[in-house]
Amino acid sequence: MIRLRLDLAYDGSGFSGWAEQPDRRTVQGVLQEALAKVLRLPRERAQLTVAGRTDAGVHAGGQVAHLDVPEEVWEAEGERAVRRLAGVLPPDVRVRSVAPAPEGFDARFSALHRRYVYRVSDAPWGVEPLWRHHVLWHKRPLDADRMNLAAAQLTGEHDFAAYCRRREGATTVRELLRMEWVREEEHLLAGTVQADAFCHNMVRALVGAMLAVGDGRRDPDWPAGVLRAGVRDSAVHVVAPHGLSLEEVAYPAGELLAARARATRRVRTLER
């Protein structure tokens, strides 16, 4: 067997998220069907492992997945795979590259960090029509400096239970490496959120808290107070998915991939 790394991009507007679901159009389902056809594999053998499962409506410009196939399959079809996938995939998902992965590579567990970007318009007339599937409209003017003051208090390793939807047996301890806001245009803000990993709804809940600070409804210290309380606060609004895009998944050098995967698999707790 040989492990292949796939670099992907998709517009999440027409998908019910990444993960395959019965009777739903998903990114995983569409890709696996195309891979089975192009690589001439049984459908059940074209199983992808992804760096991060995106929710319904969330986009990706830098998603990564891996697929294990018999070596003879890659030798027969490998050089033509990208071009053939372009011919069978729908236009809202693209595979930019397919190549044998280094030893020890795991798309999910070997990752050092994931970087998301969330875009918001505070234009009084709403979102520009061409951006409507990728930018959230916020009705109140936003102050990026206030949002950055709040964001700076959340970086580091914390239990983000207050900003996550809990899952049985899963830890909510994460290391938030970066969160900052910039104005890309007069009425367009981009929030970059980067962490070693994210729990369910974490990015969208963090963005919701930042917007409450940015428009003056909450003080810059409030999101950190919610974090310390450790429970969901009804005042934290989980924003709509369509403003969010997974832009990058970063990995260590080849010789460190397996060690990184082992470290990531441990269940993290915070020292008290």
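No lab work stands behind these numbers, since they all come straight from the coordinates. Since we're looking at a predicted model, the values are computed, not measured. All Cβ positions, glycine included, derive from the backbone under ideal geometry; neighbour counts span all protein chains shown.
A few comments on the model shown:
- Linear extension gain, W125 paired with L256, 0.36 nm per residue minus alpha-carbon span: 42.2 nm
- Angle between the chain longest axis and helix 27-38 axis [Cα atoms, degrees, rounded to 10]: 20 degrees
- The range 170-272: C-alpha gyration tensor shape, a/c 1.5 cut-off, then a/b vs b/c: oblate
- R83/E184 FRET efficiency (R0 30 Å; Cβ-Cβ; nearest 0.05): 0.35
- Evaluated with a Cβ-only charge set (Lys, Arg +1; Asp, Glu -1), the chain carries a dipole of roughly 600 debye about its Cα centre, given to the nearest 20.
- Over the chain, DSSP H runs of length four or greater, each weighted -39,500 (n - 2.57), average out per residue to a 222 nm ellipticity of -7000 deg cm²/dmol.
- Across the range 154-272, C-alpha contacts under 8 Å between residues 6 or more apart give a mean separation that, scaled by the residue count, equals a relative contact order of 28 percent.
- Option label - volume of the Cα convex hull per residue in Å³ computed here, alternatives (1) 143; (2) 134; (3) 116: (1)
- Extension reserve of the H113-A229 stretch, reckoned as 0.36 nm per residue once the Cα distance is removed: 39.2 nm
- Cβ-Cβ distance of R140 and R266, R₀ of 41 Å, FRET efficiency by 1/(1 + (r/R0)^6): the value works out to about 0.45.
- Backbone phi angles across the range 71-87, fed through the Karplus curve with coefficients 6.51, -1.76 and 1.60 (θ = phi - 60°), yield HN-Hα couplings of 4, 5, 5, 5, 4, 7, 10, x, 5, 9, 4, 4, 5, 5, 5, 4, x Hz in residue order; Gly and Pro are listed as x.
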